[in-house]
Amino acid sequence: MARPRILLADDHELLLGAFEKLLSEEFDVVGQVTDGRALVVAAARLNPDVVVLDITMPLLNGLEAARQIKQKNKHVKLVFVTMVEDPDLASEAFRIGAVGYLLKRSAASELTTAIREVVNGR
């Protein structure tokens, strides 16, 4: 079975590098972007299985970027990794189509586990 294709989006490049290092042993990290507009373009071009994204990003926030991505590709899985603990924003993320919502203070292993779970339909 092919390795799941992951697209990473966060406005902090240090975090993108850390996420890629963490995930690349098990998944194919096909791209990294630092703003919401670039995310929408990259998702259309790269056709990832999973998008790992933040809510707060420049040019277009993660929620709106996610909405646009889901309109074009209903099958992509969205996993938010964010500092935002607002339950209303988390609810909005799930309404848009998120399948995971992690806080950045979570253990690194939780991200790998979350992606593994969503790829397997849970």
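Distance between the 7 Å Cα→Cβ label points at Lys21 and Glu85: 2.7 nm. Across the options Thr113, Ser24, Ala2, the greatest Cα extent toward the positive end of the charge dipole of the chain (unit charges at beta carbon of Lys, Arg, Asp, Glu) belongs to Ala2. Full extension of the segment from Glu92 to Glu117, taken as 0.36 nm per residue of separation minus the current Cα-Cα distance, would add 6.9 nm. Surface listing: Lys21, Lys70 arranged by accessible area from highest to lowest gives Lys21, Lys70, probe 1.4 Å.
Extension gain, Ala44-Asp28: 0.36 nm per intervening residue step, less the Cα-Cα distance, totals 4.1 nm. Rolling a 1.4 Å probe across all protein chains gives Met57 an accessible area of roughly 20 Å².
Shown are Leu15, Leu111, whose ranking by accessible area with a 1.4 Å probe and every protein chain present, most to least, is Leu15, Leu111. Annotation: Glu20 carries an accessible surface of approximately 70 Å², with a 1.4 Å probe and no ligand, DNA or RNA atoms counted.
Per residue, the chain exposes 53 Å² of solvent-accessible protein surface, assessed with a 1.4 angstrom probe and all protein chains in place. Peptides 39-45, 93-99 ranked from most to least packed, by the mean per-residue count of other Cβ atoms within 10 Å: 39-45, 93-99.
Would you kindly state how much longer the chain becomes between Ala107 and Ala2 on full extension, computed as 0.36 nm times their sequence separation minus their alpha carbon distance, in nm to one decimal? Stretched fully, the Ala107-Ala2 segment lengthens by 35.2 nm.
With distances taken between every two different alpha-carbon atoms, the chain has a Kirkwood hydrodynamic radius of 13.9 Å. Taking the chain as a Gaussian network, where each spring joins two C-alpha atoms under 10 Å apart, which residue of Asp35, Asp11, Asp88 fluctuates the most? Fluctuation is largest for Asp88. The relative contact order of the chain comes to 23 percent, based on Cα pairs under 8 Å that sit 6 or more residues apart. The aspartates and glutamates within cross-link reach of Lys70, meaning a Cα-to-Cα straight distance under 15 Å and a gap of 8 or more places when in the same chain, are Asp49, Glu92. A Förster radius of 30 Å combined with the Cβ-Cβ distance from His12 to Lys74 puts the calculated FRET efficiency at roughly 0.55.
The values are calculated or read from the model by the stated rules, or taken from the named source; none is laboratory data. What you see is a predicted model, and the numbers here were worked out from it, not measured in a lab. Note that each Cβ is placed from the backbone with ideal geometry, even for glycine, and that neighbours are counted across all protein chains shown. These accessible areas exclude ligands, DNA and RNA; they are computed on the full protein's heavy atoms, side chains included. Shrake-Rupley method; radii C 1.70, N 1.55, O 1.52, S 1.80 Å.
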